[in-house]
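The values are calculated or read from the model by the stated rules, or taken from the named source; none is laboratory data. Bear in mind the structure is a predicted one, so any value in this text is a computation, not a measurement. Reconstructed Cβ throughout: ideal geometry from the backbone, glycine too, with neighbour counts over all protein chains shown.
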Amino acid sequence: MRPIHSFRVNENLPNALATLRDVALNLRWSWDKETQNLFRWIEPDLWEQLDQNALRLLERCPRDRLEDLSGDPRFLEYLTKVKTDLDIYLRSDSWFQAKGVSPLKKVAYFSPEFGITHALPQYSGGLGVLAGDHLKSASSLGLPIVGVGLFYKQGYFRQGITPRGHQLERYPSLDPSTLALVPAVSEPIKVELGEEELDVMVWRARLGRVSLLLLDTDCEHNSPEHRSITDRLYGGDGEHRLRQEIILGMGGVRALFAVGEDPQVFHTNEGHAGFMGLERIRSYMLHEGLTFDEAVEATKSSTLFTTHTPVPAGIDRYSIPLIERYFSRWARDCDTSIERLASMGHTPTEDLDASFNMAVMGLHLSAAANGVARLHGEVSRSLFRGVWPALELEQIPITHVTNGVHPGTWVSGEMSELLSKSITPNWSNASKEEWSRVSNVPSKSLWQVRDLKREEMVTEIRKRLSLALTKSGWEDANLAWCETVLDPHVLTIGFARRFAPYKRADLLLTRFEKLMELCNDLERPVQFVFAGKAHPADDPGKEIVRRIFEVSFDSPAQSKFVFVPDYDMSLAKVLYQGCDIWLNTPVRPMEASGTSGMKAALNGSLNLSILDGWWAECYDGVNGWAIAAAPAEFSDEERERIECDSLYSLLENEVIPAFYERNSDGVPEALISRIKASLTSLGPFVTGQRMVREYTQRLYEPIAERHEQLVADKYSKLKELARWKTTVAQKWQDVHVVSVENVGAVNVDKEHSSDSITSYKIVVEVEVGEVDPQDVAVEVIWGPVTSDGTFRSNEHKRAKAVLGTDASSTLCRYEADLEADSPGTYGFVASVYPSSSDLSIPLELGLQILA
Ligand SMILES: *Cc1c(COP(=O)(O)O)cnc(C)c1O
């Protein structure tokens, strides 16, 4: 029998310890080492046993122990110090305040998952952990931001493993009150789901200076069906996912308003939260009296869309009948049609019944869009080219901001201390110049940290392995094996990530004999640590888990090849800090960015990776190793063979010798010099602080500034822009280019120079029809061409309108002078497009004639 109602008795702390609760309720403890020491002091064994979870510790700690501590002056003094530090952190100014006046008041950051700490398990992998690192880095920079996500009662699954290597999935239920979540509203808010309305609870987590709001449908008055909407992360079918996304996007906007937030910039971490745009359109219409087109403009001009996957299958799509079922009411409220809504999720050439694509809607409803690494920006421009059929590939308006990681979360105390001493105490915000001081770190001290963290990792892995296998129901006889795995002095290579097939955890197994030979080498052995979950519905991924596990439990290398179940942020930390080499073998270019290698690098581990994701732009020849990627045209098998060969040859010829060749102090100098090169070059780049500064300066602030201008004066510019866009778009079909002509060369003598260069006058005649000639921009794109007829490089030259004699004529003449200063063949093309200074980018309308 299950109770229907519940109430809660909170832990009752002795008065002198009341502030402990405040400290525990700000999740800054999850990355602040001094605060962790405070909780460890309370009851060290229990702290470890409860997996370093401050709130559960307070709940479970025996009352006598708390009474003792409340009379211990040393503890009270330390508690006061930690609490004072927290208060100072919360109040003091940081980078954002020091930067001077900013147009940016507040960013809302939407994401379907947030990886803040293992103690708040609301993430499945990279996307969520990145979102957590974004918020934490923003907190350290003092950026005004608020996170919006869902509270999943069962989080993501916990992974176990059977003796035959089959993945077990457990879904323990979570209780918000033991997770540092407090109610953000006194009553649940109302959110519409199709024609129905339901209650949604809003929880608040505090992460340093930043709040994270989590929406939860498990409310008393909801039907059981509605209560289970936010049950699990990435569980259920398409419709279940759609419902979650409606709660996240539409509910998220309402939650922000309900708690009194009024953000200027809405940032969506991947398309899953895209419905926030629809709720905002409705809200602008209902509350501000805007028309549909104006409301779209207002929403778009304040939205940033970040895409995270180069894999089309990774994008949510919904059938139009499903969209109709859930959004008819919205369309009525907005006085628009399902066809108009469908067009937002379609490329211009798609049929009405093509599935509704959340990423395409994200692109349509944002002022700017970005990928998460340089290569991924490129790949995204190809992938989403169809959204702008009139634009050339390089004109597709998707930029990139390369991901970064939150150093406080990922870097070990020992490494952090070393960096504090040698770089600057505030090393996570250090400049390139400051990072170059890494070369002065005594090699021996660096190596001691590496040795220590490897040893600690081995101990921790044995413990976790045995715990996980016990939970999976293994017999004691088999558990003995756990104590024999890994050797703390052997070169250790780590691989931990989602077991999606394209990540190819099993690439090494392609040459099994070689693998066994390397692991069992008597002089210079290598050992491997694997971890990662396969999505419960991903059978090929689970098969890879099984194969890896099989080698680990049953092969000649069984003690040097280990799979550790239940990869989460706490295990991740141990691996990044302890492994010597961080291996990554995705099929290029399917890894959007990847971030685990960044975390490893900051701990002095070296990357050995395919040149994909972030590594493609950061590898410089000495800061790690690049596995050769075979051309994409090759078959899968051929790619695997080439890349696997490259991997083994790097291991044998470079990595293993670098680790085992020692100087008289026992220090591997070659390895250490690479580690220093890695820290120097990557340190200033891979931090979340660099990432958030880039988002702020390149995207949030310009978006905020333009949006403010558009909405000022009761939306006057915005209304004008919306009207202008509609008119120009309607009349554009009559615009055409009549002629493009090179009317000849003129030699121009350059002032103060004996050289003369040749100038060419290009004349473009455009029939503008009913479009105002002022609204037409003509650019000549020109430059030297290669023998295959493409531009070697090109520049854009704006052509000037030349007034004709007949003012009533709609035939307009534009001229541009091109100055070619070196011999060779040049090419040019005229680009004609509608132009207004109020657009977010010149080609925002996606209309262009090339001639
Ligand atoms: C960093 C991290 C990831 C993402 O790492 P990738 O390199 O993108 O695979 C996934 N899971 C956890 C727990 C992490 O800490």
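Pick from 559, 555: which is part of a loop (DSSP other than H, G, I, E, B), free of Cβ contacts under 8 Å to residues at least 60 places away in the same chain and either surrounded by fewer than 24 Cβ atoms within 10 Å (Cβ to Cβ) or more than 25 Å from the chain's Cα centre (by Cα) (or both)?
555
Please determine whether any residue of the range 529-537 is modelled with pLDDT of 95 or more, farther than 25 Å from residue 311 by Cβ and touching a strand residue (DSSP E or B) at 6+ places or on another chain (Cβ under 7 Å).
Yes, there is a match, as at least one residue in the range 529-537 is modelled with pLDDT of 95 or more, farther than 25 Å from residue 311 by Cβ and touching a strand residue (DSSP E or B) at 6+ places or on another chain (Cβ under 7 Å).
Here's a check for you: in the range 475-491, which residue that is modelled with pLDDT of 90 or more and part of a loop (DSSP other than H, G, I, E, B) is surrounded by the fewest Cβ atoms within 10 Å (Cβ to Cβ)?
Only one residue fits best here, namely 489.
Can you find a residue that is within 23 Å of the chain's Cα centre (by Cα), surrounded by fewer than 21 Cβ atoms within 10 Å (Cβ to Cβ), within 28 Å of residue 409 (Cα to Cα) and not basic (Lys, Arg) anywhere in the range 596-610?
The answer is no, given that none of the residues of the range 596-610 is within 23 Å of the chain's Cα centre (by Cα), surrounded by fewer than 21 Cβ atoms within 10 Å (Cβ to Cβ), within 28 Å of residue 409 (Cα to Cα) and not basic (Lys, Arg).
Take residue 593 and tell me if it is more than 14 Å from the ligand (Cβ to nearest atom), polar (S, T, N, Q) and either surrounded by 23 or more Cβ atoms within 10 Å (Cβ to Cβ) or not in a helix (DSSP H, G or I) (or both).
Here the answer is no, as residue 593 does not meet what is asked.
Suppose we keep only residues that are buried (at least 24 other Cβ atoms within 10 Å of the Cβ) and small (Gly, Ala, Ser) within the range 103-124. Which one would you say is nearest to the ligand (Cβ to nearest atom)?
115
What number of residues within the range 50-71 satisfy the criterion of being surrounded by fewer than 18 Cβ atoms within 10 Å (Cβ to Cβ) and not acidic (Asp, Glu)?
So the count comes out to 6.
Tally up the residues in the range 36-53 that are modelled with pLDDT under 95 and either under 26 Å from residue 142 (Cβ atoms) or not charged (D, E, K, R) (or both), please.
Residues in the range 36-53 being modelled with pLDDT under 95 and either under 26 Å from residue 142 (Cβ atoms) or not charged (D, E, K, R) (or both): 4 in total.
Residues being buried (at least 22 other Cβ atoms within 10 Å of the Cβ) and not in a helix (DSSP H, G or I): count how many of those fall in the range 501-522.
Residues in the range 501-522 being buried (at least 22 other Cβ atoms within 10 Å of the Cβ) and not in a helix (DSSP H, G or I): 2 in total.
Specify the residue that is nearest to the ligand (Cβ to nearest atom); the eligible residues are those in the range 125-148 that are in contact with a helix residue (DSSP H, G or I) (Cβ under 7 Å, 6 or more places away or on another chain), of a type in the set (Gly, Ala, Ser) and on the phi < 0 side of the Ramachandran plot.
That would be 137.
Please tell me if residue 605 is over 30 Å from residue 315 (Cβ atoms), in contact (Cβ under 8 Å) with a residue 12 or more places away in the chain and within 16 Å of the ligand (Cβ to nearest atom).
For residue 605, the condition - over 30 Å from residue 315 (Cβ atoms), in contact (Cβ under 8 Å) with a residue 12 or more places away in the chain and within 16 Å of the ligand (Cβ to nearest atom) - is met.
Test each condition in (1) farther than 29 Å from residue 404 by Cα; (2) aliphatic (A, V, I, L, M); (3) crowded, with 22+ Cβ neighbours inside 10 Å for residue 354 and report the one that comes out false.
So the condition that residue 354 fails would be (3).
Tell me, which residue of the range 537-552 that is of a type in the set (Val, Ile, Thr) and within 32 Å of the chain's Cα centre (by Cα) is nearest to residue 494 (Cα to Cα)?
Only one residue tops the list, namely 548.
Residues to consider are 417, 392, 378; find the one that is acidic (Asp, Glu) and either on the phi > 0 side of the Ramachandran plot or under 25 Å from the mean Cα position of the chain (by Cα) (or both).
Being acidic (Asp, Glu) and either on the phi > 0 side of the Ramachandran plot or under 25 Å from the mean Cα position of the chain (by Cα) (or both) holds for just one of 417, 392, 378, which is 378.
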